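As structure tokens, the structure follows; a few thoughts come after it.
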Amino acid sequence: MRPADPGAAAARHPAARHLADRRPHVPTDRLLAELVPPRHFASASFESYVPDPAFASQQVAADRLRAVADEVRRERTASWLRRRRRAEPPAVYLDGGFGVGKTHLLAALAHAVGPEAAAYGTFVEYTNLVGALGFGATVDALATHRLVAIDEFELDDPGDTVLMSRLLRELADRGVALAATSNTLPGSLGEGRFAAEDFLREIQAMADRFQVLRVDGEDYRHRAVVTAGGCVPEELVRAAVAADPGATLDDFGTLLRHLKEVHPSRYGALLDDVTLVGLTGVRPIRQQSTALRFVVLVDRLYDRDVPVLMGATEDRQLFSLAMLRGGYRKKYHRALSRLGSLAEQGRELAA
Ligand SMILES: Nc1ncnc2c1ncn2[C@@H]1O[C@H](COP(=O)(O)OP(=O)(O)OP(=O)(O)O)[C@@H](O)[C@H]1O
Ligand SMILES: [Mg+2]
């Protein structure tokens with residue numbers, strides 16, 4: 001066993017709750033019930049999406065998604081016979097940089113189609129669903145919807161690739177419309193992460209399925225390229241946590257070790273009824289696998305609008321240069337953009 005580190009002891013606040021004490025169990029019916037847009041996008045609509053006139057592709061993407069929504073809605077009311085006769089269901093893929101509004105548009109599409117007809121989840125949630133229910137049961141459950149919306153489509157390993165190409169094929173065969181978002185063009189999925197060239201057939205088949213809509217623009221979160229996370233003094237973190245009964249307080253290293261013990265699909269449940277996440281001893285993350293787990297936690301914090309207060313004695317880079325330049329660079333930059341925005345909210349709360 002590792003010796004307890006001093007930072008960990010300091011973070012143990014008698015009254016505070018700790019994420020590291022939580023081991024959530026998520027029943028499969030909850031996984032299915034949660035296939036809806038996350039809290040941050042609960043009211044995202046086409047009306048609240050304001051295309052930037054400087055980037056024409058935004059209006060084009062919004063118009064196409066509105067048309068897809070109409071098509072899916074019409075399909076819901078079409079007779080069984082007409083449905084059988086019709087051509088391929090629509091499949092669209094929004095590709096673009098960070099914070100340009102892809103998720104906003106995807107959630108708007110899901111809302112326009114309606115909660116009964118649309119299943120909405122992140123790529124990781126769908127792969128996890130297959131892990132929990134099995135492949136056939138997942139297809140059956142998803143095929144009860146007319147649209148399956150997949151946020152953050154990305155292929156991290158060959159297993160994902162084979163599974164997703166099969167899942168998409170089966171859903172399309174059953175007439176389910178597909179909509180996805182990604183920071184990567186479909187033909188380039190997996191590049192730099194695994195031997196994607198060995199899975200070209202699957203990747204190409206997936207890419208061919210989609211109509212790609214490029215969304216250009218600036219990061220709406222208005223975050224300059226951040227490499228540090230916006231840390232604050234640790235006393236400030238403790239004081240803010242003490243003032244908020246819904247807050248949690250964890251030593252960063254202890255939390256990173258805990259994340260290894262909890263399946264990433266449960267990181268959302270880890271945050272149930274948490275209103276502020278306080279961290280102390282925030283420092284650079286050395287290992288890629290640890291960093292990628294932290295990225296998933298940041299994604300779930302962002303989905304749920306949970307502000308973060310990161311306490312450290314100095315504000316250093318969370319991710320190494322090698323990470324920021326490697327195959328997962330987009331994930332890291334996106335996480336920093338999101339974390340920057342959550343840390344700003346945390347600092348506002350603390351002020
Ligand atoms: N054109 C827009 N009009 C209104 N709100 C927008 C627009 N674009 C983005 N937003 C808002 O900005 C925030 C960031 O957008 P969003 O998360 O949809 O971007 P994204 O492209 O999915 O980014 P990421 O690559 O990080 O997933 C959200 O709160 C979203 O509602
Ligand atoms: Mg997004």
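Those helices (runs of 4 or more DSSP H) of the stretch 163-262 in which at least 2 residues are within 20 Å of Val296 (Cβ to Cβ), considering only elements entirely within it, cover 252-261.
Taking each residue of the stretch 230-245 that is assigned by TED's automatic domain parsing to the domain that holds Leu336 and looking for partners that are in a loop (DSSP other than H, G, I, E, B) and among the polar types (S, T, N, Q) with beta-carbon atoms closer than 9 Å, six or more apart or interchain, yields Cys231/Thr313; Pro233/Thr313; Glu234/Thr313; Asp244/Thr275; Pro245/Thr275. Restricting attention to the stretch 304-327, the residues that are within 29 Å of Asp273 (Cα to Cα), of a type outside the set (Gly, Ala, Ser) and buried (at least 21 other Cβ atoms within 10 Å of the Cβ) add up to 7. Taking the stretch 332-351 as the range and being buried (at least 22 other Cβ atoms within 10 Å of the Cβ) and not in a helix (DSSP H, G or I) as the test, no residue passes. Considering the conditions (1) at pLDDT below 90; (2) under 21 Å from the mean Cα position of the chain (by Cα); (3) more than 16 Å from ligand 2 (Cβ to nearest atom), Ala196 is excluded by exactly one of them, (2). Are any of the residues in the stretch 125-141 closer than 17 Å to Ala42 by Cβ and either away from ligand 1 (no atom under 13 Å from the Cβ) or touching a residue at least 40 places away in the same chain (Cβ under 8 Å) (or both)? Yes, the conditions are met somewhere in the stretch 125-141. When the stretch 121-169 is filtered for residues that are of a type in the set (Ser, Thr, Tyr) and away from ligand 2 (no atom under 16 Å from the Cβ), the ones remaining, listed by number, are Thr127, Thr138, Thr144, Thr161, Ser165. Selection of first residues in the stretch 56-77 that are in contact (Cβ under 8 Å) with a residue 40 or more places away in the chain and under 12 Å from Leu147 (Cβ atoms) and of second residues that are in a helix (DSSP H, G or I) and among the β-branched types (Val, Ile, Thr), restricted to Cβ pairs under 8 Å at least 6 apart or on distinct chains, gives the following pairs, ordered by first then second residue: Ala69/Val113; Val72/Val113; Arg73/Val113. Checked across the stretch 163-177, the condition of being of a type outside the set (S, T, N, Q) and modelled with pLDDT under 90 holds for no residue. With respect to being within 16 Å of ligand 1 (Cβ to nearest atom) and acidic (Asp, Glu), Glu170 falls outside the description. Of the residues making up the stretch 283-305, those that are under 19 Å from Lys331 (Cβ atoms) and assigned to a loop (DSSP other than H, G, I, E, B) number 5. Would you say Val241 is buried (at least 22 other Cβ atoms within 10 Å of the Cβ) and more than 29 Å from His104 (Cβ to Cβ)? Here the answer is yes, as Val241 does meet what is asked.
Here is a yes/no grid of residues against (1) modelled with pLDDT of 95 or more; (2) under 26 Å from Ala205 (Cα atoms); (3) touching a Leu at 6+ places or on another chain (Cβ under 6 Å):
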position	(1), (2), (3)
Ser43	yes, no, no
Phe46	yes, no, no
Ala56	yes, no, no
Arg73	no, no, no
Ala78	no, no, no
Arg84	no, yes, no
Asp95	yes, yes, yes
Gly99	no, no, no
Leu105	yes, yes, yes
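Report yes if some residue within the stretch 170-192 is touching a His at 6+ places or on another chain (Cβ under 6 Å), under 22 Å from Ala62 (Cα atoms) and away from ligand 2 (no atom under 16 Å from the Cβ); otherwise report no. Scanning the stretch 170-192 turns up no residue that is touching a His at 6+ places or on another chain (Cβ under 6 Å), under 22 Å from Ala62 (Cα atoms) and away from ligand 2 (no atom under 16 Å from the Cβ). The requirement of being more than 17 Å from Val237 (Cβ to Cβ), over 17 Å from the mean Cα position of the chain (by Cα) and not in a loop (DSSP other than H, G, I, E, B) is satisfied by Met323.
The values are calculated or read from the model by the stated rules, or taken from the named source; none is laboratory data. None of the values given here were measured: they were computed from a predicted structure. Every residue, glycine as well, gets a Cβ built from its backbone with ideal geometry; the counts of neighbours run over all protein chains shown.
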